[in-house]
Amino acid sequence: MNDSQSSSLSSSSSYDSAIGPAQAICVGLQNVVGSHSSSQGISPSVSRHWRDVFWLLIFMAHLIVVGFALGVFGLNRFKQPDRLNIDKYTMGFLENKDGLTEDFWPLYAVAGGVGAVLGWTWLLLLGSRANQMMKFSVHILTTYLAVVSVLCFWAEQFFWGVAFAIGAALQFLYVISVIDRLPFTMLVLQRAVKMVWNLPEVTRVACIFMLVMLLWLALWSFGAAGVVALGIGDGGRWWLLVVLSVSLFWTGAVLCNVVHVVVSGMVFLVLIHGSREATSMPPKPVMSSLQYAVTTSFGSICYGSLFTAAIRTLRWEIRGLRSKIGSNECLLCCVDFLFHLVEFLVRWFNKYAYVQIAVYGKSFNHSAKDAWELFQSTGVEALIAYDCSGAVIFMGTVLGGLISGTCAAVWTRIKHPDRVVMVGCTAMLMGMILVGLAMVVVESAVTSIYICYAEDPSLINRWDAAFFAQISEKLHQRLQHRSARAREVLNHRIDDQIQEAVLA
């Protein structure tokens with residue numbers, strides 16, 4: 001902790017008895033962010049330049065190549081086998097089977113339909129049942145993974161049975177490790193839902209992008225169905241499906257993060273101007289955010305979408321494991337190495353970058369670095385590390401994907417029992433992307449709230465004073481907890497050095 005942080009925190013401690021920890025934290029944060037706000041400002045009225053253009057070109061080229069390949073694979077087995085004579089290149093050294101694209105395309109249509117219904121249901125019930133749905137996702141996901149594992153063993157798919165069993169175990173261990181954080185997490189999510197529910201235009205944006213995703217999924221599933229029907233044996237089909245799935249994941253992540261940027265820009269404006277109806281609000285703010293997201297900032301979104309999700313998931317698991325290791329120094333040393341490696345990556349790839357992209361139009365790495373330095377300089381990073389809202393939303397997304405994949409897999413089991421896992425896994429990814437497009441609106445609101453709280457705590461106080469008091473109190477507790485742990489580690493090292501000196 002640097003000098004400015006120390007002075008700010010000591011100042012807040014001296015005020016505790018008179019004005020309470022919430023106000024004290026506000027004073028400390030305002031002292032720390034004063035220089036940041038004065039140098040950069042939090043007004044979103046900045047000039048926009050094209051950022052990360054290289055990644056924009058890569059993404060568009062990838063869409064063209066993959067789209068062409070999907071059309072070829074789908075048409076090759078549409079209505080007649082080997083229409084384009086692809087099988088002649090594999091005949092003789094790979095297993096060949098008969099199958100048509102239309103045999104498997106309806107199976108993917110089931111997954112797309114179920115995923116879209118789940119996503120739209122989430123948006124429809126956002127204002128009244130969001131809290132219950134998120135709690136349900138957290139508690140039911142472990143059971144669902146375990147049930148799928150049992151079904152895989154029953155179907156003699158031992159590899160997938162073990163994989164889902166490991167997933168269920170990791171999910172159970174993670175929930176146990178963060179069970180004490182869930183009340184605060186649900187508090188943050190409730191306020192984020194409150195914000196989004198009062199901005200119906202952002203839910204309409206999510207619905208529009210779900211329709212865009214469904215159009216791309218129609219082409220993607222057409223090509224994937226052609227691959228599943230392709231006469232090149234299971235090994236060749238799996239490799240092609242993995243490549244297509246990576247492409248779909250990137251495309252879905254890009255669309256999700258476009259929605260993220262649009263929602264973040266709108267939420268940030270509402271918090272700055274006090275309300276959606278404020279006279280100082282710029283005209284058509286959602287359209288302006290959308291315009292920036294799909295033009296000047298689109299390259300940054302494409303770049304960040306490649307890496308952010310994987311790094312975030314790894315960070316959640318390592319944090320949960322690290323908090324439950326105890327006194328096993330060897331294991332703690334290994335996990336600490338991984339933890340610091342992931343923390344370094346998080347500095348350059350984090351979801352809070354999308355708020356900076358929406359508001360200031362920066363490049364992705366610049367945005368991620370500035371956001372993380374802002375959190376560390378103000379101490380808000382301690383609060384973010386404690387919050388599990390991203391993990392809870394991810395659990396809901398995975399559950400939606402599992403339900404979609406299960407529906408497609410059940411029908412595949414009836415029609416084509418030898419292709420159950422192949423269709424089920426890819427259908428699960430389709431469902432996850434569609435549900436994720438609906439749930440990202442809440443995650444965007446969470447990230448914007450934290451950025452605003454770090455930039456200027458009074459914005460949150462003006463928006464919701466009760467929530468401001470609760471979040472400031474929790475920040476006060478987390479900073480005290482970190483200080484206590486730092487003193488404990490320091491005392492332990494001093495004791496070790498004294499013992500070494502005595503023995504020497």
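The values are calculated or read from the model by the stated rules, or taken from the named source; none is laboratory data. In this text, all values refer to a predicted model and were calculated from it rather than measured experimentally. Because the Cβ atoms are built from the backbone with ideal geometry, glycine has one as well, and the counts that use them run over all protein chains shown. We work out accessible area using only protein heavy atoms, side chains counted, and drop any ligands, DNA or RNA first. Shrake-Rupley method; radii C 1.70, N 1.55, O 1.52, S 1.80 Å.
How much of the accessible area of the stretch 143-215, in percent, comes from carbon and sulfur atoms when a 1.4 Å probe is used?
Reported share for carbon and sulfur atoms: 77 percent.
Once the whole set of protein chains is in place, how much accessible area is left on Ile176, using a 1.4 Å probe, in Å² to the nearest 10?
Accessible area of Ile176: about 90 Å².
Rounded, prolate or oblate: which fits the stretch 131-281, taking a ≥ b ≥ c as square roots of the Cα gyration tensor eigenvalues, rounded meaning a/c under 1.5, else prolate when a/b beats b/c?
It is oblate, given that a/c is not under 1.5 and a/b is not larger than b/c.
Quick check on my link table: of Lys362/Lys474; Lys194/Lys474; Lys135/Lys194, which ones sit more than 22 Å apart, alpha carbon to alpha carbon?
Cα-Cα > 22 Å for Lys362/Lys474; rest within.
Over the stretch 139-209, with the other protein chains present, what is the accessible area per residue in square angstrom, probe 1.4 angstrom?
Per-residue value: 51 Å².
Expected output is a single nm value to one decimal: the length gained when fully extending between Ile208 and Ala465, i.e. 0.36 nm times separation in residues minus the C-alpha distance. What is it?
89.2 nm
Using the beta-carbon distance between Ser288 and Leu75 and R0 = 41 Å, what value does 1/(1 + (r/R0)^6) give for FRET efficiency, to the nearest 0.05?
Taking R0 as 41 Å, the efficiency between Ser288 and Leu75 is 0.50.
Taking 0.36 nm per residue of sequence separation and subtracting the Cα-Cα distance, how much length would be gained by fully extending the chain between Asp418 and Val246, in nm to one decimal?
59.6 nm
Give me a comma-separated list of calculated 3J(HN,Hα) values for the stretch 247-264, in order, Karplus coefficients 6.51, -1.76, 1.60 applied at θ = phi - 60°, integers in Hz, x for any Gly or Pro.
These are the phi-based 3J(HN,Hα) values: 4, 5, 4, 5, 4, x, 5, 4, 5, 4, 6, 5, 4, 4, 5, 5, 5, 4 Hz.
Please arrange Trp197, Trp239 by accessible surface area, largest first, computed with a 1.4 Å probe and ligands excluded.
Trp239, Trp197
When the solvent-accessible surface of protein heavy atoms is calculated with a 1.4 angstrom probe, in what order do Tyr292, Tyr108 fall, highest first?
Highest to lowest solvent-accessible surface, that is Tyr292, Tyr108.
If you consider only alpha-carbon coordinates, what radius of gyration and Dmax does the stretch 445-495 have, in Å?
15.3, 48
Roughly how many Å² is the accessible area per residue of the stretch 450-496, as a whole number, for a 1.4 Å probe?
That works out to 52 Å² per residue.
In whole Hz and in residue order, list the ³J(HN,Hα) couplings for the stretch 229-245 that follow from phi through the Karplus curve 6.51 cos²θ - 1.76 cosθ + 1.60, θ = phi - 60°; x for Gly and Pro.
My calculation for the stretch 229-245 gives 7, 5, x, 10, x, 5, x, x, 4, 4, 4, 5, 5, 5, 4, 5, 5 Hz in order.
Can you give me the long-range amide H partners of Asp464? Hydrogens built in the peptide plane at 1.01 Å from N, cutoff under 5 Å, separation of 5 or more residues or another chain.
It is none; the list stays empty.
Accessible area, 1.4 Å probe, largest first: how do Phe158, Phe468, Phe249, Phe68 sort? Before the final figure, lay out each step's value.
On the way: Phe158 120, Phe468 10, Phe249 90, Phe68 150 Å².
In descending accessible area the options line up as Phe68, Phe158, Phe249, Phe468.
Taking 0.36 nm per residue of separation and subtracting the Cα-Cα distance, what length does fully extending Phe159 through Asn198 add?
Separation in residues times 0.36 nm, less the Cα-Cα distance, equals 9.4 nm.
Taking all protein chains as present, what is the carbon and sulfur share of the accessible area of the stretch 391-489, in % to the nearest whole number, probe 1.4 Å?
Within the stretch 391-489, the accessible surface is 59 percent carbon and sulfur.
For the stretch 108-164, how big is Rg over Rh, using alpha carbon atoms and the Kirkwood form of Rh?
With Rg and the Kirkwood Rh in hand, the quotient comes to 1.12.
Efficiency by 1/(1 + (r/R0)^6): what FRET value for Arg83 and Leu219, r their Cβ-Cβ distance, R0 = 22 Å, to the nearest 0.05?
On the way: r = 17 Å, r/R0 = 0.78.
That pair, Arg83 with Leu219, gives E of 0.80.
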